[in-house]
1. Looking at the chain as a GNM with Cα springs under 10 Å, which of Asp80, Asp20, Asp32 has the largest mean-square fluctuation?
2. For the chain, what does the relative contact order come out to in percent, with C-alpha contacts under 8 Å and a separation of six or more?
3. Quick check: the distance between the Cα centres of segment 73-93 and segment 36-66, to the nearest angstrom?
4. For segment 61-114, state which chymotrypsin sites (Phe, Trp or Tyr not before Pro) are in a DSSP loop and have at most 16 other beta carbons lying within 10 Å of their beta carbon.
5. Could you compute the net charge surrounding Phe52? Neighbours are other residues with a C-beta less than 15 Å from the C-beta of Phe52; K and R count +1, D and E count -1.
6. Between their Cα atoms, which of Lys71/Lys98; Lys36/Lys85; Lys50/Lys102; Lys50/Lys85 are more than 21 Å away from each other?
7. Put a dot 7 Å past each Cα toward the Cβ at Ala35 and Asp80; how far apart are the dots in nm?
8. Please state the charge dipole magnitude for segment 17-110, taken about the Cα centre, from unit charges on C-beta atoms (+1 on K and R, -1 on D and E), reported in debye and rounded to the nearest 20.
Amino acid sequence: MPEKRELKRRHPVYYLQVTDIDSGENLGYLIDINAKGIMLAGQSALIPEKVFKIAIQLPEEMEGEQAIFLKVSSVWSEFDPLLEKTRNGFKIDESTPKELKKINWLIENFGFKA
């Protein structure tokens, strides 16, 4: 399948927990991220086009905050036999300049360099 992403995703070197803010449910951990989308590994597939408000736990505090807060929509789900988890892809629907700054900080300081 041809790559549709406009921006290359970066993989964090830590397993960062991602929580649904409204339900408090742990959605999984962050596999990769860029300014337009994220991918998580979790226990179950998520319904496509479902909107979530999420918090991505940071590995350390950045400017007094411990998380990145985003509004995202689920795009796809696929079981990964190597991870023994379900990968869920999301597009970022809403973010602020402050949250984008945290994403860039996370990539620069805690992402694998490809």
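No value in this document is a laboratory result; all are computed from the given coordinates. This one's a predicted model, so the numbers in the text were calculated from it and none came from an experiment. All Cβ positions, glycine included, derive from the backbone under ideal geometry; neighbour counts span all protein chains shown.
1. Asp80
2. Values: 247 pairs, mean separation 30.8, N = 114.
It rounds to 27 percent for the chain.
3. Each part reduced to its Cα centre gives a spacing of 12 Å.
4. Details: sites: Phe69, Trp76, Phe79, Phe90, Trp105, Phe110, Phe112; in loops: Phe112.
Filter output for segment 61-114: Phe112.
5. Summing Lys/Arg as +1 and Asp/Glu as -1 gives -3.
6. Going by Cα-Cα distance, Lys36/Lys85; Lys50/Lys102 fall outside the 21 Å limit.
7. 2.5
8. Details: 10 positive and 16 negative charges, 49 e Å.
Dipole of segment 17-110, to the nearest 20 debye: 240 debye.
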